[in-house]
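A short worksheet on the structure shown next.
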């Protein structure tokens, strides 16, 4: 009898502690992703191509250190020997490269608000991809959200005189990236996955550094010690949120993660508007408001339990 009483009193506390830790990990991950624009802007005068190249290199270095410390490098090497896993992660690497390059370019060219739009509409794109690739049937609320988001994109395109390609590229590259990551499931964890992706991208990074060196010139090690450390730190700020996210996903329900994921684009939007003073015309406010309305519809739909946790929440960049 005493043992059963102990189990009854400690189990809820343990469950509460697990959820509390999960919330801390999740909020930490998405807040870090939200403030990424400030970090990348601090890397000036380094251009987008050099930033992404160093991000690939130092992410791989940092992941290699983590694999060595945790003694999981044998598991990583075993995954490399599995062609299906290796080539799937190569495809993921291509998509995350497109995502990183577009995001850093958007940030350094003063388009943080549009970049945030990409991550606002990403859940809607994920729903959209589910129809075409997973043969999922949309409920009326999901169709409404997709339709409203399309109207929002049209409003933003007409008001700006051009298609918001940065937002759309981020949303679709990240959507397909999440789809590919879902295919490998739990076979590849966060560190092993990022290690494989950056390993595939290493030749791309080398080529970019050679091109930058032959044209505008490499800034690494030429500006200041702090600037050099910040460039090296791109590997850390890439991997740490991924590890936090992985820890959170093991402790929290998918619905909770679904709500917390909006922390990142909200922070990015506020950084763009309040800190970087990016212009927000009336038409732009209308477009963003329509996107937020679509997200509210999806959120209510998820809160009612109609999605049943069928779709995973992928990592941000």
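The values are calculated or read from the model by the stated rules, or taken from the named source; none is laboratory data. What you see is a predicted model; the values in this text were computed from it and never measured. Methodologically, a virtual Cβ is constructed for each residue, glycine included, from the backbone with ideal geometry; neighbour enumeration extends over all protein chains shown.
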The lone exception for residue 102 - which of (1) surrounded by fewer than 23 Cβ atoms within 10 Å (Cβ to Cβ); (2) assigned to a helix (DSSP H, G or I) it fails: (1)
Contacts under 6 angstrom Cβ, first residue in segment 119-146 being on the phi > 0 side of the Ramachandran plot and assigned to a helix (DSSP H, G or I), partner at pLDDT below 75 and surrounded by 21 or more Cβ atoms within 10 Å (Cβ to Cβ), 6 or more apart: none
Filter result for residue 211 (surrounded by fewer than 19 Cβ atoms within 10 Å (Cβ to Cβ) and closer than 22 Å to residue 33 by Cα): no
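From the list 146, 184, which one is within 19 Å of the chain's Cα centre (by Cα), modelled with pLDDT under 85 and surrounded by 16 or more Cβ atoms within 10 Å (Cβ to Cβ)?
Details: 146 fails: within 19 Å of the chain's Cα centre (by Cα).
Within the list 146, 184, the selection yields 184.
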The listed residue being without any contact (Cβ under 8 Å) to a residue 24 or more places away in the chain and assigned to a helix (DSSP H, G or I), out of 55, 71, 84: 84
Selection within segment 214-243 - buried (at least 17 other Cβ atoms within 10 Å of the Cβ) and over 24 Å from residue 95 (Cα atoms): 219, 220, 227, 230
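Being out of contact with any strand residue (DSSP E or B) (no Cβ under 6 Å at 6 or more places or on another chain), in a helix (DSSP H, G or I) and surrounded by fewer than 15 Cβ atoms within 10 Å (Cβ to Cβ) narrows it down to one residue among 92, 78; which is it?
On the way: 92 fails: surrounded by fewer than 15 Cβ atoms within 10 Å (Cβ to Cβ).
The unique qualifying residue is 78.
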Options 90, 68: the member that is at pLDDT 90 or above and within 24 Å of the chain's Cα centre (by Cα): 90
